[in-house]
1. Report, ordered by chain and residue number, the lysines lying within cross-link reach of Lys227, taken as a straight Cα distance under 26 Å and ignoring same-chain residues fewer than 8 apart.
2. With r defined as the distance between the Cβ atoms of Asp146 and Glu103 and R0 fixed at 35 Å, what FRET efficiency is calculated, to the nearest 0.05?
3. Taking the Cα atoms only, what angle lies between the long axis of helix 113-127 and the longest principal axis of the chain, rounded to 10 degrees?
4. Rounded to the nearest Å, what's the spacing between the alpha carbon centres of segment 27-74 and segment 109-188? Just the number, please.
5. Using the Kirkwood radius built from alpha carbon pairs, what does the Stokes-Einstein equation give as D for segment 137-183 at 20 °C and 1.002 mPa s, in µm² per second?
6. Which one of Gly105, Leu123, Ser136 has its Cα pushed farthest toward the positive end of the charge dipole of segment 103-150, where Lys and Arg give +1 and Asp and Glu give -1 at the Cβ?
7. Local charge sum around Pro28 (other residues, Cβ-Cβ under 12 Å, Lys/Arg +1, Asp/Glu -1)?
8. Could you please tell me the mean projected area of the C-alpha convex hull for segment 219-284, averaged over all directions and given in square nanometres to one decimal?
Amino acid sequence: MHLQSLLDDIASKSSALAAKGKVADYIPGLAQVDPNRFGMAVATVEGELLGTGDWLVPFSIQSISKVFTLVLALALDGDKLWSRVGREPSGDPFNSLVQLEHERGIPRNPFINAGALVVTDRLLSLEEDAFGTLLSFLRHESGQPDLDTDQEVARSEAEHGHRNAALAHFMASFGNLENSVDRVLDHYFRQCAIAMSCADLAEAGLFLARHGLRRDGSRLLSPSQAKRVNAVMLTCGTYDTAGDFAFRVGLPGKSGVGGGILAIIPGRCSLCVWGPALDPSGTSLAGVDALDRFTTLTGWSVF
């Protein structure tokens, strides 16, 4: 199987789905992105990096950042984190307030916005600079020392982040934040606004395909921890459509409203697709289709 020709063929078919979706215009900093962009990259555990389309064009990673903050918090603090955030699918939109009241400020999982705010809060307590710790990690794992946040997008999110502020204040009222709401939100908005390409993200996520081993060969997570992060990605990584994503794609994956999806095939490779046009749940239409085609044509899946 020739991976490059396979990627090119997938791009020619999946990119057409952009016409059926809509960019995340509720964040003004993302509203101007061309919905017809499409990129896809594959980084293998053997060290090969391949891509197609706009695979070298940086975009706002948004909620894909939640994977990396979760991993850093687990690496530093172990399973203590799970007393403050669950591991179950939410069944509700990523910014829903509903479950928090019923579950007394404990978010259902670390990939909905409420859960990611708790993880960022814990990383702040552990490292004092959650954003800086994340950025340093991503620069190292991607091999791109100039990675940074898109200040316009970060400012846009801060100015329109009323729902996230409500989530944070609600959890603080239940005693589930250790730092000030304003500080947690500042680090959270900046982490979501980091700009990376498909190539960067595929490289940065490769440690999850390597069962916890980083780019330099050092161990970030135990094999058991890496397995568990992948499991939460599979069950919770695409919010209230995680079941459909698992049904179609059959991989651990994490989407972001910037149009990116990071997916992992343990022992084989890390993949990233980007298509800014989203379905109603906030997941890239072209991205899901591309990953579906990839796993179908290669037979590479966790099932």
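1. Lys66, Lys80, Lys254
2. 0.30
3. With both axes taken from Cα atoms, the answer is about 70 degrees.
4. 18 Å
5. Value of D from the Cα-based Kirkwood radius: 166 µm²/s.
6. Gly105
7. -3
8. If you wrap the Cα atoms of segment 219-284 in a convex hull and average its projections, you get 4.6 nm².
Rule-based calculations on the coordinates, nothing more; no lab input. Every value quoted in this text rests on a predicted model; they were computed, and no experiment measured them. In this analysis, Cβ positions are derived from the backbone assuming ideal geometry, glycine residues included, and neighbour counts consider all displayed protein chains.
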